[in-house]
Amino acid sequence: MSAISRKRSRSIMGGKTMAFIGDSRMRDIFCFLRSLLQGHTPKNYTAFYHDVIFRQFKHNITLLFYWRRFPDSELQRLLARWQLAVEEVPHYIIVQIGAWSVDRFGGTDIANFTSGVGDAMIKLNSLPCDRTTSIWMQTLPVNPTTSWPSWVKRNNASMYVELFGQWIRKTLAHHAISSHPTTPKGTPSTVLLWSTAHDVALKRLVMYRDHVHPGILLVQQFVCQLLTAIGVFGERTNVQEAHAQP
């Protein structure tokens with residue numbers, strides 16, 4: 001990686017469990033990180049459509065990938081397992097969805113999409129703030145300039161993907177206060193918006209490998225953004241803990 005070394009990446013992720021939830025675009029990010037931890041940069045994309053767990057015991061790192069395409073009951077059940085403490089809550093939860101909703105339903109699904117995203121954010125907001133940071137990635141753009149005979153060229157699909165992303169922003173703003181029972185009233189939500197990956201991708205559609213998937217260099221930039229942010233979170237947490245010591 002150009003911006004963050006492999007050693008620095010392992011230092012940032014050491015001792016952490018990170019859950020990636022979404023479609024094939026999120027899967028590419030998960031696979032890039034997994035390959036990085038294994039000691040090589042991915043050159044080929046791995047297609048799979050199921051949940052995956054990767055553990056690196058030496059550095060106590062766990063990466064989880066959950067194949068979820070819609071903000072539907074499958075996503076809600078997954079988040080409920082963490083909300084109800086049925087399973088150990090990851091340190092970081094990263095979500096990216098939206099393209100499949102546009103592909104399957106077009107702009108007619110905006111109400112269901114917004115409702116599902118809102119329900120998911122309520123569950124994320126109820127997780128313990130001192131344990132988990134949730135990151136909602138603005139839906140990545142699609143590439144209407146592709147030569148593929150793809151759905152992204154039909155019925156203003158790229159416009160609707162952007163519209164869904166704007167509704168994610170609005171929904172996140174609506175749930176800006178934590179609802180965890182042990183958190184003091186007025187505490188800001190730990191559900192954060194990740195918009196910089198979307199912004200970079202929108203300016204560099206020429207770097208897509210097909211109609212919906214960013215190429216490897218874009219994925220690398222997304223990973224650099226994520227790890228840089230997590231590194232900053234970690235440094236702030238360490239400072240806060242140091243000041244809290246008697």
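The values are calculated or read from the model by the stated rules, or taken from the named source; none is laboratory data. For clarity, every value in this text was computed on a predicted model and none was experimentally measured. A quick note on method: Cβ atoms are made from the backbone with ideal geometry, for glycine too, and the neighbour counts reach across all protein chains shown. Remember, those area values only see protein heavy atoms, side chains included, never the ligands or the DNA or RNA. Shrake-Rupley method; radii C 1.70, N 1.55, O 1.52, S 1.80 Å.
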Inset, instruction - In a Gaussian network model over the chain where Cα atoms closer than 10 Å are linked, find which of Thr133, Thr108, Thr228 has the largest mean-square fluctuation. - result: Thr108
Legend entry - MRE, 222 nm, helices only [DSSP H, n ≥ 4, -39500 (n - 2.57), over the chain, to nearest 500]: -14500 deg cm²/dmol
Inset, instruction - Take the chain, connect every pair of alpha-carbon atoms lying under 10 Å apart with a spring to form a Gaussian network, then pick out the residue of Gly39, Gly118, Gly15 with the largest mean-square fluctuation. - result: Gly39
Inset, instruction - Just tell me which aspartates and glutamates come within less than 17 Å, Cα to Cα, of Lys185; anything on the same chain fewer than 8 places away is out. - result: Asp130
Inset, instruction - Identify which of Val86, Val102, Val52 has the largest mean-square fluctuation in a Gaussian network model of the chain, with springs joining Cα atoms closer than 10 Å. - result: Val86
Legend entry - Charge sum, other residues only, whose C-beta stays under 12 Å from Gln76's C-beta, Lys/Arg counted +1 and Asp/Glu -1: +1
Inset, instruction - Might you tell me the accessible area per residue for the chain, computed with a 1.4 Å probe and given in Å²? - result: 49
Inset, instruction - Working with all protein chains in place, sort Ile135, Ile122, Ile53, Ile216 by solvent-accessible area computed with a 1.4 Å probe, largest first. - result: Ile53, Ile122, Ile216, Ile135
Legend entry - Radius of gyration and Dmax over the Cα atoms of the chain, both given in Å: 17.8, 64
Legend entry - Stretchable slack from Arg77 to Lys43, in nm (0.36 nm times residue separation minus alpha-carbon distance): 8.9 nm
